[in-house]
C-alpha cells in the first residue's frame, strides 16, 4: 500500500523521516511513522467503518482516564495513533498494573443496566452487534454473541451441524445456569489477550478494544483461556471485584465459548476441540 507522506506530515505538522511496515493486521497492513520527535502507528484497511469504530472505542475508554493510544487521525482506510513504546517490567509489576486498569474499567457501568453498547463494535475482522434493547445478560450473551459467531463458523465450514445444535441448546437455557440478578453491566475491553495490553512506564495501556457492557467475569474467563495473567493479577483484582461462587465451575467454561468461536472463525477447526470440551463440561 502506498502511504501519502505529505498528508500525514500535514496532520502531524512534522516531517516524516521513515515509513516502515510493522506487521500485517487482521484487516490490513500496520506501519510505523518516524518523525524527528516521535513514532506513530498507522493501521490501514480496505474502505470500511472498522477503523473509525476502533477510534471511537479508544476515545470512549479514554473518557474514564484509562490509558489508550492517542488518536490523531482516522478515515475509512487509516487510523493514525501514538506508538506505545513498551517498558521492561517484572511479571509482578505487569500483573499488578493489569489488575489496576481492568478493575477500573470494569467499575464503569451504565444507568440503564444495558448490555451491549451504544453502537455496533468489532472484534478482529468481525462485527459485534450491540442492540441497546438487551437488558437480560443471558439473552444478550446467547443472541448477540454466541449464536451470531457460531453461524459465521458454520457458514465457513469449520463448525459441524451437531456442535451448532449443541450451542443452540446451551443458549436456550443460559438463564438456568447463572444467576442473572447478581450481574451488573461492566465495561469490557472484549478481546483481552496478551497482545492487546501493553506496559509503558509502570502502567498498562489497552489497545484493539472490542467494547461492550457485559458480566466482568467474561473478561476474566478469556484471561484464563490463554493464561494471560496469573495469581498475582487475580489476587489484586479480586480485592476490588470478588469472584462469584460459580465462577470456575460454570462461568469459565460458559464464558470461554464466545472467544473459542471467534478463534475458530479466524483460524479454523483447530479450536473446535477446546470448544467441544467446554460444551462437555457444561453437559450440553
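The values are calculated or read from the model by the stated rules, or taken from the named source; none is laboratory data. Just so it is clear, the model here is predicted, and its values are computed rather than measured. No Cβ is skipped: glycine too gets one built from the backbone with ideal geometry, and neighbour counts run over all protein chains shown.
Assorted remarks:
- Residues in region 62-81 that are more than 19 Å from residue 211 (Cβ to Cβ) and in a strand (DSSP E or B): 72, 73, 78, 80.
- The requirement of being in contact with a strand residue (DSSP E or B) (Cβ under 9 Å, 6 or more places away or on another chain), assigned to a helix (DSSP H, G or I) and in contact (Cβ under 8 Å) with a residue 24 or more places away in the chain is not satisfied by residue 143.
- Qualifying residues in region 1-39 (those that are in a strand (DSSP E or B) and touching a helix residue (DSSP H, G or I) at 6+ places or on another chain (Cβ under 8 Å)) - the one modelled with the highest pLDDT: 33
- Summed over region 111-132, the residues that are out of contact with any strand residue (DSSP E or B) (no Cβ under 8 Å at 6 or more places or on another chain) and farther than 13 Å from residue 149 by Cβ give a count of 5.
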